[in-house]
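The values are calculated or read from the model by the stated rules, or taken from the named source; none is laboratory data. Please read these numbers as outputs of a predicted model, since none were measured by experiment. Please note: Cβ atoms are built from the backbone with ideal geometry, for glycine as well, and neighbour counts cover all protein chains shown.
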Amino acid sequence: MIGEPDDPRRRAAAAWIVVALALALQLWGLYTTSPPDAGGLWFPGMDKIVHVVLFAAPTWALLRVVPKPWMALVPMLVHIPVSEMIQFFWIEGRSGDLLDGLADLLGVAVGWWTAVRVDGTGDAAGPGPGRPRKRDG
């Protein structure tokens with residue numbers, strides 16, 4: 001029955017909400033002209049950790065809902081150089097940085113690895129909403 005916790009349509013909607021939130025956070029984090037002040041929590045290299053997270057979360061979320069892994073990986077990989085060029089050319093106070101791009105690439109890899117290994121899905125596309133997870137044994 002629709003609305004039940006195990007209803008595939010409800011799980012699919014929830015998964016797409018996670019994708020939307022992860023992408024919104026990513027776009028805000030990459031393209032805001034004034035990132036939030038982390039106060040005393042900021043340390044050298046923390047921006048690279050932020051870049052990893054900003055690409056890992058949406059990659060993982062997309063891999064859980066799209067039918068083929070390339071449908072998540074290709075857009076995320078294309079977004080890496082595009083985001084750095086946008087930051088370099090059009091966002092005041094931001095700069096395109098090769099090391100940020102490498103951190104973004106690591107984030108895509110972390111998102112993919114998480115979908116494959118930690119989630120126990122057995123494939124990069126994940127079980128998808130309404131599909132059972134593969135079990136060992």
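The single residue among Arg94, Arg64 that is of a type in the set (D, E, K, R) and more than 18 Å from Val108 (Cα to Cα) turns out to be Arg94.
Could you check Met85 against (1) loosely packed, with under 15 Cβ neighbours inside 10 Å; (2) in contact (Cβ under 8 Å) with a residue 12 or more places away in the chain and say which number it fails? Of (1) loosely packed, with under 15 Cβ neighbours inside 10 Å; (2) in contact (Cβ under 8 Å) with a residue 12 or more places away in the chain, only one is false for Met85: (2).
Looking across the range 89-137, the residues that are part of a loop (DSSP other than H, G, I, E, B), hydrophobic (A, V, I, L, M, F, W, C) and modelled with pLDDT under 90 come down to Ala124, Ala125.
Within the range 57-72, count every residue that is surrounded by fewer than 20 Cβ atoms within 10 Å (Cβ to Cβ) and either within 12 Å of the chain's Cα centre (by Cα) or outside any loop (DSSP other than H, G, I, E, B) (or both).
Counting residues in the range 57-72 that are surrounded by fewer than 20 Cβ atoms within 10 Å (Cβ to Cβ) and either within 12 Å of the chain's Cα centre (by Cα) or outside any loop (DSSP other than H, G, I, E, B) (or both) gives 3.
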